[in-house]
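What follows is a set of notes on a single structure, which appears directly below.
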Amino acid sequence: RHGQVDFANFVDAAADVDRFAALGTTEQDANIKFRIDYIKSSGARGFYYPDWNVIQGTENGEVGWIVETKGREWEGTANKDAAAIAWCAGISSRTGEDWRYIRVNQPLFEGAKFDSFQELIDVIEGRVGQAALLQAGDSP
């Protein structure tokens, strides 16, 4: 839970985040309406409930992000990632809006200070090295 609060504080303060919402905590929460179906490694159908929706303001307009904050990888994490990527591609194709998925692993997030949501994305996607951020920011 501590990581979820830290992420909420981060996106709330990030100048390039226009708005965000926590999408829920567990599939047992009956009030959660947003889910992505996926295939479990067993072959059974599963329901994935992502953690966050973040709307990022960019020079080219808004980008909708489905964000998963992850303390550790469990069996099936890659299947959920693939399903979320496919969902974003499908919804982008149907609406003409830009939707993307990103998983924020807790060790990376806690290990550096990010000045913007874009900077976090760049590190996760390998465009900026985490070591450079650790040297430039506050040490954990």
*What tally of residues in the range 42-59 results from selecting those that are without any contact (Cβ under 8 Å) to a residue 24 or more places away in the chain and closer than 27 Å to Ser116 by Cβ?*
1
_Being touching a helix residue (DSSP H, G or I) at 6+ places or on another chain (Cβ under 9 Å) and open to solvent by 30 Å² or more (accessible area, probe 1.4 Å) is the filter here; which residues of the range 117-126 pass it?_
Glu119, Ile124
*Selection from the range 43-77 of residues that are touching a helix residue (DSSP H, G or I) at 6+ places or on another chain (Cβ under 6 Å), polar (S, T, N, Q) and over 18 Å from Glu97 (Cα atoms)*: Thr69
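Does Asp138 satisfy being within 21 Å of Ala15 (Cα to Cα), modelled with pLDDT of 90 or more and surrounded by fewer than 19 Cβ atoms within 10 Å (Cβ to Cβ)?
Values: within 21 Å of Ala15 (Cα to Cα): yes; modelled with pLDDT of 90 or more: no; surrounded by fewer than 19 Cβ atoms within 10 Å (Cβ to Cβ): yes.
No, not satisfied.
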*asked:* Please return the ranges of strands (runs of 3 or more DSSP E) entirely within the range 47-115 where 2 or more residues are surrounded by fewer than 19 Cβ atoms within 10 Å (Cβ to Cβ) and small (Gly, Ala, Ser).
replied: 61-70
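The values are calculated or read from the model by the stated rules, or taken from the named source; none is laboratory data. Quick caveat, the model's predicted, so the values are computed rather than measured. We place every Cβ from the backbone using ideal geometry, glycine too, and count neighbours over all the protein chains shown. Protein only, heavy atoms only, side chains kept; ligands, DNA and RNA dropped before computing areas. Shrake-Rupley method; radii C 1.70, N 1.55, O 1.52, S 1.80 Å.
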